[in-house]
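*Asks:* Below you will find the structure I want to go over with you.
The values are calculated or read from the model by the stated rules, or taken from the named source; none is laboratory data. Remember, predicted model here, so these are calculated numbers, not experimental data. Ideal geometry is used to build each Cβ from the backbone, glycine not excepted, and the neighbour counts take in all protein chains shown.
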Amino acid sequence: MLFNRLPKAVLWDMDGTLIDSEPHWLHSERELARVHDFDWTEEDSKSMVGLSLSESSRIFREKTGTHLSHEEIINHLTASVSAGLEREIIWRPGAKELLKELRRKGVKTALVTMSLRSMALQVVDAMGFKAFDVVVAGDDVVHGKPNAEPYLKAAALLGENPADCVAFEDSISGILSAEAAGTKAVGIPNVMIIPAREGRILWETLEGKSIKDLRKLFA
């Protein structure tokens, strides 16, 4: 049996884990809700963190009473957030540094996000280096997080067993998805609290984390 080995792959959530995009989402949701005379709060926004866009649009419709279609809601929110990312992308502490180290060591990586592929590629293009081998986005799967499908698909595309992969997540739905897929899931809370439970791995931040910390996960 191998001890202290590297993961075969590291699977990254995007919103809230790789980048701090939640302020952009909150702004876009408030902007659209205001049109329908609804006072959208941070708590309303938190109720959609980490969920698929289809599920988020359903929640938005229920809360605001809008007659917009799911597609119209998704298109508006995505366009607004994308415009915000064009102006500024805030990288989560330690994320780019760890990604660069993984690439130097030849560890496979995947971006696993519920945002649309167009937005995911916008972030990938802004990385400044080839950060990911594959991208699995919200419009690439039938069942979004917390279903296991996104992480199972990412591992399959990389040709790896999920049990040999580490997944980084910042939300409850995301960590449930990664755990259900059988990955070594690591929760790094951002705007949401991820409840502690037996066997669950939680880190306060990626800042200062390195290959050594990933090896310890397989000790």
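*Asks:* Tell me, please, whether a residue that is out of contact with any helix residue (DSSP H, G or I) (no Cβ under 9 Å at 6 or more places or on another chain) and over 15 Å from ILE188 (Cβ atoms) can be found in region 107-116.
*Replies:* Of all residues in region 107-116, those out of contact with any helix residue (DSSP H, G or I) (no Cβ under 9 Å at 6 or more places or on another chain) come to none.
No, because not a single residue in region 107-116 is out of contact with any helix residue (DSSP H, G or I) (no Cβ under 9 Å at 6 or more places or on another chain) and over 15 Å from ILE188 (Cβ atoms).
*Asks:* Hey, among the residues in region 75-106 that are surrounded by 15 or more Cβ atoms within 10 Å (Cβ to Cβ) and aliphatic (A, V, I, L, M), which one's nearest to THR205 (Cα to Cα)?
*Replies:* Of everything passing the filter in region 75-106, ALA95 is nearest to THR205 (Cα to Cα).
*Asks:* So if I check each of ARG58, ARG87, ARG103, which one is farther than 26 Å from ALA148 by Cα, charged (D, E, K, R) and over 15 Å from the mean Cα position of the chain (by Cα)? Spell out how you get there, then give the answer.
*Replies:* Working: ARG58 fails: farther than 26 Å from ALA148 by Cα; ARG103 fails: farther than 26 Å from ALA148 by Cα.
Exactly one of ARG58, ARG87, ARG103 is farther than 26 Å from ALA148 by Cα, charged (D, E, K, R) and over 15 Å from the mean Cα position of the chain (by Cα), namely ARG87.
*Asks:* Just the residues that are out of contact with any helix residue (DSSP H, G or I) (no Cβ under 9 Å at 6 or more places or on another chain) and closer than 20 Å to MET14 by Cβ, please, taken from region 55-86.
*Replies:* At the first step, the residues of region 55-86 found to be out of contact with any helix residue (DSSP H, G or I) (no Cβ under 9 Å at 6 or more places or on another chain) are 62, 65, 75.
If the condition is that a residue be out of contact with any helix residue (DSSP H, G or I) (no Cβ under 9 Å at 6 or more places or on another chain) and closer than 20 Å to MET14 by Cβ, then ASN75 is the only one that fits.
*Asks:* Further question on the same structure: Just need a number here: residues in region 175-199 that are touching an Asp or Glu at 6+ places or on another chain (Cβ under 8 Å) and modelled with pLDDT under 95.
*Replies:* 5
*Asks:* Could you give every pair whose Cβ atoms fall below 6 Å, whose first residue belongs to region 9-25 and is small (Gly, Ala, Ser), and whose second residue is in a strand (DSSP E or B), counting only separations of at least 6 or pairs across chains?
*Replies:* So the pair list comes out as ALA9/LYS108; ALA9/CYS165; SER21/ASP15.
*Asks:* If you check THR64, THR109, THR113, which single one turns out to be touching a His at 6+ places or on another chain (Cβ under 7 Å) and surrounded by 15 or more Cβ atoms within 10 Å (Cβ to Cβ)? Working first, answer last.
*Replies:* Values: THR109 fails: touching a His at 6+ places or on another chain (Cβ under 7 Å); THR113 fails: touching a His at 6+ places or on another chain (Cβ under 7 Å).
Only one candidate qualifies: THR64.
*Asks:* Ok, one more. Among helices (runs of 4 or more DSSP H) lying entirely in region 1-71, which contain 2 or more residues that are at pLDDT below 90 and within 28 Å of GLU160 (Cβ to Cβ)? Before the answer, list the steps.
*Replies:* Details: elements: 22-35, 42-46, 53-64.
In region 1-71, 53-64 are the helices (runs of 4 or more DSSP H) which contain 2 or more residues that are at pLDDT below 90 and within 28 Å of GLU160 (Cβ to Cβ).
*Asks:* Right, here's the next one. Among residues belonging to region 144-202 that are aliphatic (A, V, I, L, M), farther than 24 Å from GLU43 by Cα and in contact with a Pro (Cβ under 6 Å, 6 or more places away or on another chain), point out the one that is surrounded by the most Cβ atoms within 10 Å (Cβ to Cβ).
*Replies:* If we take residues in region 144-202 being aliphatic (A, V, I, L, M), farther than 24 Å from GLU43 by Cα and in contact with a Pro (Cβ under 6 Å, 6 or more places away or on another chain), then ALA155 is surrounded by the most Cβ atoms within 10 Å (Cβ to Cβ).
*Asks:* Shifting gears a bit: Quick one: is LYS212 on the phi < 0 side of the Ramachandran plot, charged (D, E, K, R) and touching a helix residue (DSSP H, G or I) at 6+ places or on another chain (Cβ under 7 Å)?
*Replies:* no
*Asks:* Answer yes if at least one residue in region 159-177 is hydroxyl-bearing (Ser, Thr, Tyr), in contact with a helix residue (DSSP H, G or I) (Cβ under 7 Å, 6 or more places away or on another chain) and closer than 13 Å to LEU111 by Cα, and no otherwise.
*Replies:* Step one: of region 159-177, the residues hydroxyl-bearing (Ser, Thr, Tyr) are 171, 173, 177.
Then drop every residue that is not in contact with a helix residue (DSSP H, G or I) (Cβ under 7 Å, 6 or more places away or on another chain), which leaves 177.
Now drop any that are not closer than 13 Å to LEU111 by Cα, which leaves none.
Taking every residue of region 159-177 in turn, none turns out to be hydroxyl-bearing (Ser, Thr, Tyr), in contact with a helix residue (DSSP H, G or I) (Cβ under 7 Å, 6 or more places away or on another chain) and closer than 13 Å to LEU111 by Cα.
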